[in-house]
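The values are calculated or read from the model by the stated rules, or taken from the named source; none is laboratory data. None of these values were measured; they are calculated from a predicted model. Because the Cβ atoms are built from the backbone with ideal geometry, glycine has one as well, and the counts that use them run over all protein chains shown. These accessible areas exclude ligands, DNA and RNA; they are computed on the full protein's heavy atoms, side chains included. Shrake-Rupley method; radii C 1.70, N 1.55, O 1.52, S 1.80 Å.
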Amino acid sequence: MNEKYMHLAVQMARAAAGQTSPNPLVGAVIVKEGEVVGLGAHLKAGEKHAERHALDMAGEKASGAEMYVTLEPCSHTGRTPPCADAIINAGIKKVYVASHDPNPQVAGQGIRKLEAAGINVQKGILKKEAEELNYFFFHFIQTKTPYVTLKMAASIDGKTATSQGESKWITGEESRQDGHQLRHEHDAILVGIETVLADNPSLTTRISGGGSNPLRIILDSKLRTPADARLVTDKQSTWIFATEQCSKEKVRLLRSLGVKVTVLSGFSIDIKEVLEKLGEAEITSLLVEGGGTVHDSFVTENLFQRVVLYTAPILIGGRQSPQSVAGNGIGKLSEAAVLQLHSSVNIGSDVRQIFLRKDE
Ligand SMILES: Nc1c(/N=C/[C@@H](O)[C@H](O)[C@H](O)COP(=O)(O)O)[nH]c(=O)[nH]c1=O
Ligand SMILES: [Zn+2]
């Protein structure tokens, strides 16, 4: 019975994916004598936490009831008062907590506060499912840099375009729709200048029923982004990272068109420095859409947590054809980033595989 209610709490948390950053996804269910009396999910940073929504719905019935919550209740006053106090004051008698909060401010404090008030706390039901909700949050809280997903869409032989540069489309409509869901869930999306020059992409989220547009990031060391590029003219938010190689006039021009331009020191872009600056701007998750040179810099620097690979059942071939990961690559197999297959699903006639870093 316990798993059923925690599963419901996980599903409610997941419904708000893409909405709560920089906060985690959290769901809560309150049950009294086998009857669900309160439900809640955290919907937006700064608004009520899941536990409070559920307690508001339960009202008097919360007294003597049990609560299932996907993440340890907070005990510090952030933008809203602590949930642990609200749970105690409402008279909840038992709390099931699926996952721990790695936030040093909270780790274990919420649970200790509940136990000190005589509430029975049981940990670990559906722990894995609950932790999968918050890869982004857990990584960001501990590293203050965004969780990095490398998104690749390629043929069986790893090509992302033909030798003539044709790439629309390699994967099918369903996969591309799925790719837009990824954009909705990430705070920012990053491409290199070659992709901007080749595809003039918009990188917006187009899913039926809306969805949030990620902040668009361009790695463009010489600031070659055209002033009439869609990423400049469509008035959505764009942030370009350039280096000392770029011209001051071009910086001024793009800034006058509403683009944020950061000129990094040196002559090549340091990915680690970009991730730190994104973390300072509270970007908790970054979707890297390529192309191959950009993916290579994240791979060789080992600065990514996950790969989402869409493979179309076609063969393209060609030594000149661009591929998912280009650049110089690694020299020795021992330097290869080792991943583990997390999931593999058919989408239309394509396959979507998600690989996680071993230590994630
Ligand atoms: N060529 C393909 C992709 N190509 C991905 C990027 O190279 C494109 O520039 C980017 O998706 C364009 O974004 P838009 O302008 O917002 O539509 N991605 C895919 O999933 N399948 C493909 O077959
Ligand atoms: Zn809380």
| query | Cross-link partners among lysines for Lys44, C-alpha distance below 22 Å, same-chain residues fewer than 8 apart left out? | reply | Lys144
| said: I need to check one value: relative contact order of the chain, counting alpha carbon pairs closer than 8 Å and at least 6 residues apart, in percent. | reply: 16
| message | As a test, work out the antiparallel percent of DSSP beta bridges whose residues both lie in the chain, rounded to the nearest 5. | response | 40
| request: Grab the Cα-Cα distance for Lys222 and Val345, subtract it from 0.36 nm times how many residues apart they are, and report the gain in nm with one decimal. | output: 40.3 nm
| remark: So for R0 = 35 Å, FRET eff. of Ala107-Ser265 from the Cβ-Cβ r, to 0.05, ends up at 0.45
| query | Cα centroids of the range 127-196 and the range 72-119: how far apart, whole angstrom? | reply | 34
| said: Cut-off under 14 Å on the C-alpha distance; same-chain residues fewer than 8 positions from Lys4 excluded. Which aspartates and glutamates are left, in chain and number order? | reply: Glu35, Glu66, Glu129
| If the limit is 26 Å between Cα atoms, which of Lys272/Lys358; Lys277/Lys332; Lys168/Lys250; Lys235/Lys277 go over it? | Lys277/Lys332; Lys168/Lys250
| Under 12 Å, Cβ to Cβ, from Leu223 - net charge with Lys/Arg +1 and Asp/Glu -1 | +3
| query | In the range 265-360, what trypsin sites (Lys or Arg not before Pro) fall in a loop by DSSP, with at most 12 other Cβ atoms inside 10 Å? | reply | Arg319, Lys332, Lys358
| request: Heads up, I need the accessible area for Lys222: 1.4 angstrom probe, whole protein in place, Å², nearest 10. | output: 110
| task | Quote to one decimal, in nm, the extra length available between Gln177 and Arg252 on full extension: 0.36 nm per residue of separation minus the C-alpha distance between them. | result | 23.4 nm
| field | Extension reserve of the Val338-Lys128 stretch, reckoned as 0.36 nm per residue once the Cα distance is removed | value | 73.5 nm
| query | the chain: longest stretch without exposed chymotrypsin sites (Phe, Trp or Tyr not before Pro) (DSSP loop, at most 11 other Cβ within 10 Å), sites themselves excluded? | reply | 1-168
| request: May I ask you to list the GluC sites (Glu not before Pro) in the range 260-320 that are in a DSSP loop and have at most 10 other Cβ atoms within 10 Å of their Cβ? | output: none
| request: Report, as a whole number in µm² per second, the diffusion coefficient that Stokes-Einstein gives for the chain at 10 °C and 1.306 mPa s using the Kirkwood radius over alpha carbon pairs. | output: 72
| field | Rounded if a/c under 1.5, otherwise prolate or oblate - the range 164-204, Cα gyration tensor axes | value | oblate
| In straight Cα distance, which aspartates and glutamates are under 18 Å from Lys128, not counting same-chain residues fewer than 8 positions off? | Glu3, Glu72, Asp101, Asp359, Glu360
| request: Determine, from the Cβ-Cβ distance of Ser237 and Lys4 and an R0 of 41 Å, the FRET efficiency 1/(1 + (r/R0)^6), rounded to the nearest 0.05. | output: 0.50
| Any idea which of Phe298, Leu71, Ser256 is furthest toward the positive side of the dipole for the chain, if Lys and Arg beta-carbons carry +1 and Asp and Glu beta-carbons -1? | Ser256
| query | Karplus couplings for the range 60-74 from phi (6.51 cos²θ - 1.76 cosθ + 1.60, θ = phi - 60°), rounded to Hz, Gly and Pro as x? | reply | 4, 5, 5, 5, x, 8, 10, 10, 10, 9, 6, 9, 3, x, 6
| request: Pull up all non-local amide H partners of Ile217: gap of 5 or more, or a different chain, and H-to-H distance under 5 Å with H placed in the peptide plane. | output: Ile189, Leu190, Val191, Trp239
